[in-house]
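As structure tokens, the structure follows; a few thoughts come after it.
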Ligand code: HEM
């Protein structure tokens, strides 16, 4: 069984809490909500979500019939379902009620000094023992005191009584964690009402504005008036040709074209300007520039495999010209396909900038135009969210610290010796606490020979 | 992999098997119990030291932090299980847990050693993973998983000590069904839905009936003091694992925000970590509530262990995470559209698959 000491009575807890709110302050409800939320998130992790992976993915995974059912009943968009949002709403109310009523008031009780308990109160503790020594009471108490101090206990004492505690900071854990959780909800709400985000694939020398940003329906924010220009973008490879890093040089330009800031970004190294962060999120080859008799054309590229890209140029109803690209520094291979040929046939290989004559046309491969994938976001609640993260982390770390409270009463005997009663509580680590107390007793027994064998445990002592 | 590194890893693997036998026989033999327990512990210490050396050497040899594929994460996991057991054995008399901890470490060694060779290799990292955040984000997660595993194992011993034998067997059957699904998913081409059914159905049935057993039948006399002690060990393991998981999830969010501007994208793997986190939050609050018996709490800890298995290994091997959705191609061009989700999947799959 779990043992614990409750230091705030229910009636005391209910003081000052509005009746309606207190109806939600149930830990049973918390457990139920946590289980329901966990189950919903589990279903959301199992079923591809439309908002993240697209509707096609749902159909691809489950087939058109079952997939359509999942979409129809909102399973494929479960994080926006009224059920899930309702659970989060209820958890918020439950957390506010519980925190105000049961968690925060405990901080006040921490500030109060520990009372110095008498032998009969100590005897009722879940962990306790007693012994008789021939030594005087003050000597025994001093020894206990110095041993506890050397083990990190904070001790307060009078002539023959002592109270000590260890790991009091652990008691702050619920308060700090719950403040963090409430701050997290606040930070996320601020972001949802005023922030925006988006993704755009921008070709080299292209300009990106924020017109197509995404934000919540209920929105009070403002979009920036400035835009971003991609001045340069490149890919750095490992020796085997895999991508190691992508870079883009971006200029922030105002409505008159004036450059306000310029920076090279890469994955994990974003640009920040007026509260908006721009991230390098991906990279690709967008199009190939080819000149026909000196006339430049940009043909969009398609990815055909891990490294091969191709551009297609229909010449007439039957003939297609294809440009196959292997990499930025590789020559381009030119193919043609007509219905009579089962496979496309290679016509020529073009090195960059060198013209070749194909029939009556002079063809020149000018350039490859990369496209940089820019993810952007404005997150006004981020500061609060980050502070919340810090609180939550600190809170849960503190929750691992077991709080120990210990009381000692040393009663002088008429014979000149004394009787020691020692007991305490540790809700989170009773066994180790018991062991430590037994060790302390052993040390005392070695230092001051015990007068007679005393009962070891409290029920007998009672 | 150098010969020394291989020798150290093998020493750790063999030690985990040897300590398993020493602990297992010690439980069966009253005469040699004390001696064999000491042998088991000493062998486990040797294995732990060897594995520490192996992981450090791997880092030096590859010139990077040695935690970037599934094989390395399994080594870390085994290391953390061994280390956590040794840590607890200093404060608690957990000799009945020794064989389970060693068996878990040995199973993970075995699982790692028969992974495809590509998972052992030291591969270059994709752009999203080239960051110091990797060192900060992944180790707490792996260590938290190990703590939750150890907590779950201690929960079995708690139930056993409380003479809840039928519940132990049923819950164990549930866990084994989950593990079998993971193994089948890793090494065979079994249909994903069958695997998912086996994992979810098997573990729900096992733990559900174990719970029902607790409610319906009274326990025969058990060893209360031992049951209480293991209940505390479960709690302590969870109270160490929970902050580590919290730190892992939050630093993952910080990394994602630094890399692609979104700290949470409801990626399946991310969501699974949240499910595990919420389930342990439920455990913590159930304890506060004081109305739940230690045996029921043990079953909650075992459920958490199953969810940890699902988050850590189940997701990829059971085909939950849509493994084919690495990159989407834009209709009209060759551009690989890397939304946060896709990027995150790339990152997490490279890390832990
Ligand atoms: C995801 C949500 C939550 C998390 C992660 C969380 C986390 C925690 C943690 C870490 C503790 C400290 C436990 C300890 O020291 O042993 C705690 C205590 C507590 N929590 Fe929560 N909590 C959550 C939601 C809630 C909600 C919604 C309620 C509302 C009823 C609640 C009520 C309590 C209470 C009453 C305590 C005990 C306080 C005490 O005994 O000092 N928690 N919580």
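Read-outs throughout are calculated quantities, based only on the coordinates presented, and are distinct from any laboratory measurement. This structure is a prediction, so every number in the text was calculated from the model and none was measured. Positions of Cβ are generated from backbone atoms using ideal geometry, with glycine treated the same way; all protein chains shown enter the neighbour counts.
Of all residues being within 14 Å of chain A (Cβ to nearest Cβ) and more than 16 Å from residue B:305 (Cα to Cα) in region B:188-213, which is surrounded by the most Cβ atoms within 10 Å (Cβ to Cβ)? Just the residue, please.
Among those that are within 14 Å of chain A (Cβ to nearest Cβ) and more than 16 Å from residue B:305 (Cα to Cα), it is B:195.
List the helices (runs of 4 or more DSSP H) that sit entirely inside region A:80-153 and contain at least 3 residues that are exposed (fewer than 13 other Cβ atoms within 10 Å of the Cβ).
Working: elements: A:82-98, A:105-111, A:119-122, A:137-150.
The qualifying helices (runs of 4 or more DSSP H) are A:82-98, A:105-111, A:137-150.
Kindly list, by first and then second residue, each pair from a residue in region A:72-101 that is under 14 Å from residue A:42 (Cα atoms) and free of Cβ contacts under 8 Å to residues at least 40 places away in the same chain to a residue that is in a helix (DSSP H, G or I) and within 16 Å of the ligand (Cβ to nearest atom), limited to pairs with Cβ atoms under 7 Å and residues at least 6 apart or on different chains.
A:78/A:40; A:78/A:84
So, in region A:34-59, how many residues would count as being in contact (Cβ under 8 Å) with a residue 24 or more places away in the chain and not in a helix (DSSP H, G or I)?
Qualifying residue count, region A:34-59: 3.
Give the number of residues within region A:228-276 that are in a loop (DSSP other than H, G, I, E, B) and away from every other protein chain (no Cβ under 13 Å). Break it down into steps so the answer makes sense when it comes.
Residues of region A:228-276 that are in a loop (DSSP other than H, G, I, E, B), as a first pass: A:238-242, A:254-258, A:267-268, A:270, A:274-275.
Imposing the further condition that a residue be away from every other protein chain (no Cβ under 13 Å) reduces the set to A:254-258, A:274.
Qualifying residue count, region A:228-276: 6.
Which is part of a strand (DSSP E or B), within 14 Å of another protein chain (Cβ to nearest Cβ) and touching a helix residue (DSSP H, G or I) at 6+ places or on another chain (Cβ under 9 Å), of A:287, A:281?
Values: A:287 fails: touching a helix residue (DSSP H, G or I) at 6+ places or on another chain (Cβ under 9 Å).
Unique residue meeting the criteria: A:281.
Suppose we keep only residues that are within 14 Å of chain B (Cβ to nearest Cβ) and under 21 Å from the mean Cα position of the chain (by Cα) within region A:86-126. Which one would you say is nearest to the ligand (Cβ to nearest atom)?
The qualifying residue nearest to the ligand (Cβ to nearest atom) is A:95.
Is it the case, given these coordinates, that residue B:36 is over 19 Å from residue B:240 (Cα atoms) and either within 14 Å of chain A (Cβ to nearest Cβ) or not in a helix (DSSP H, G or I) (or both)? Lay out the reasoning, then the answer.
Details: over 19 Å from residue B:240 (Cα atoms): yes; either within 14 Å of chain A (Cβ to nearest Cβ) or not in a helix (DSSP H, G or I) (or both): no.
Here the answer is no, as residue B:36 does not meet what is asked.
I need a count of the residues in region B:253-266 that are within 21 Å of residue B:316 (Cα to Cα) and within 7 Å of another protein chain (Cβ to nearest Cβ).
The initial filter retains those residues of region B:253-266 that are within 21 Å of residue B:316 (Cα to Cα), namely B:253, B:256, B:264-266.
Now restrict to residues that are within 7 Å of another protein chain (Cβ to nearest Cβ): B:265-266.
Residues in region B:253-266 being within 21 Å of residue B:316 (Cα to Cα) and within 7 Å of another protein chain (Cβ to nearest Cβ): 2 in total.
Can you name the residue in region A:169-211 that is more than 14 Å from chain B (Cβ to nearest Cβ) and assigned to a loop (DSSP other than H, G, I, E, B) and, of all such residues, is farthest from the ligand (Cβ to nearest atom)?
Top of the filtered list is A:205.
Pick from A:374, A:406: which is assigned to a strand (DSSP E or B) and either without any contact (Cβ under 8 Å) to a residue 24 or more places away in the chain or under 30 Å from residue A:263 (Cβ atoms) (or both)?
Numbers: A:406 fails: either without any contact (Cβ under 8 Å) to a residue 24 or more places away in the chain or under 30 Å from residue A:263 (Cβ atoms) (or both).
Matching residue, one of A:374, A:406: A:374.
Can residue A:224 be described as in a loop (DSSP other than H, G, I, E, B) and buried (at least 17 other Cβ atoms within 10 Å of the Cβ)?
On the way: in a loop (DSSP other than H, G, I, E, B): yes; buried (at least 17 other Cβ atoms within 10 Å of the Cβ): yes.
Criteria met by residue A:224.
Within region B:267-286, how many residues are farther than 14 Å from residue A:40 by Cα, within 12 Å of the ligand (Cβ to nearest atom) and more than 7 Å from chain A (Cβ to nearest Cβ)?
3
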